[in-house]
1. If you take the residues of region 1-41 that are in contact with a Pro (Cβ under 9 Å, 6 or more places away or on another chain) and not in a helix (DSSP H, G or I), which of them is least open to solvent (accessible area, probe 1.4 Å)?
2. Here's a check for you: in region 122-153, which residue that is assigned to a loop (DSSP other than H, G, I, E, B) and polar (S, T, N, Q) is surrounded by the most Cβ atoms within 10 Å (Cβ to Cβ)?
3. Taking the condition assigned to a helix (DSSP H, G or I), open to solvent by 70 Å² or more (accessible area, probe 1.4 Å) and out of contact with any strand residue (DSSP E or B) (no Cβ under 9 Å at 6 or more places or on another chain), does F64 pass?
4. Need pairs with beta-carbon distance below 6 Å; first residue touching a residue at least 40 places away in the same chain (Cβ under 8 Å) and within region 73-86, second open to solvent by 60 Å² or more (accessible area, probe 1.4 Å) and in a helix (DSSP H, G or I); sequence gap 6+ or separate chains.
5. Consider A76 carefully, then state whether it is buried (at least 22 other Cβ atoms within 10 Å of the Cβ), part of a helix (DSSP H, G or I) and among the small types (G, A, S).
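The values are calculated or read from the model by the stated rules, or taken from the named source; none is laboratory data. Source: prediction; values computed, not measured. Positions of Cβ are generated from backbone atoms using ideal geometry, with glycine treated the same way; all protein chains shown enter the neighbour counts. When the accessible area is computed, the model is the full protein with side chains, heavy atoms only, and any ligands, DNA or RNA have been set aside. Shrake-Rupley method; radii C 1.70, N 1.55, O 1.52, S 1.80 Å.
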Amino acid sequence: MIRRFDGVGDVLGPSISLFFKNFWLITKLVVVIVTPFEAFQILKVQEIATDWQFTVTAYALQFFCKMLLAPALIYALTKRMETGVAPGVNESYSFALGKIGKVILCAIMTWVLQILGLIALIVPGIILMLAFEVVYPVAVLENESPVDTLQRSYLLTKGHKLKILGAGILMSLLLGMLTLPASAIPLLFGGVGGMFWPVAVLLAVLTDIISQGTTVLSLVIFLSILRTLEPRQSVIR
């Protein structure tokens, strides 16, 4: 399924296929970690809007959920592709916990560099966004230090940035169309506060599930750049 990265279609098609073939696996991973956060955010929407402590707590929970979910998902999908058997939720998150410190450091370093690039001339920031497209897969699947992880992502994406940009734009459009109904429903009720809260949580979780398409794309780009793995060669460390 993973092909050489010669064009946008070489990663976009496999990413969409991998996402939908593993939709239930992705759903389980997202629901376990995201549902409590979404419920907290929706039930406390008034406090979050007016109290800085709740706001900070909400952002901290959101950040932690994202940092834990990304390595769990990358590990689960990679193992499913390698063995044909999906790991359990506990196994996936146990692996993710061992990587979360490194993933957080890589994420912070990446964001700082991207922001500096955007402040400088915008274009350098965009180039760095594309250069760090595979930071999470490298951080999760290779035994590199945080600095070496960023360097590795930069080198891997060299010569592929325009294709990565094209694939990212098309994937964002597709995910946007998929999440549009869930985003539009709250408007009919005058916002999240006007909805029955379990329904609001369900819609938020559904949006979170669909948004994992970007992580799937990043993983496929990483594997595609490396080309097809040699038989029985594992990328899980």
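1. I2
2. Once the filter is applied, the top-ranked residue is S145.
3. Considered against the rule, which asks whether it is assigned to a helix (DSSP H, G or I), open to solvent by 70 Å² or more (accessible area, probe 1.4 Å) and out of contact with any strand residue (DSSP E or B) (no Cβ under 9 Å at 6 or more places or on another chain), F64 comes out as yes.
4. Close Cβ pairs satisfying both conditions: A86/R80.
5. For A76, the condition - buried (at least 22 other Cβ atoms within 10 Å of the Cβ), part of a helix (DSSP H, G or I) and among the small types (G, A, S) - is met.
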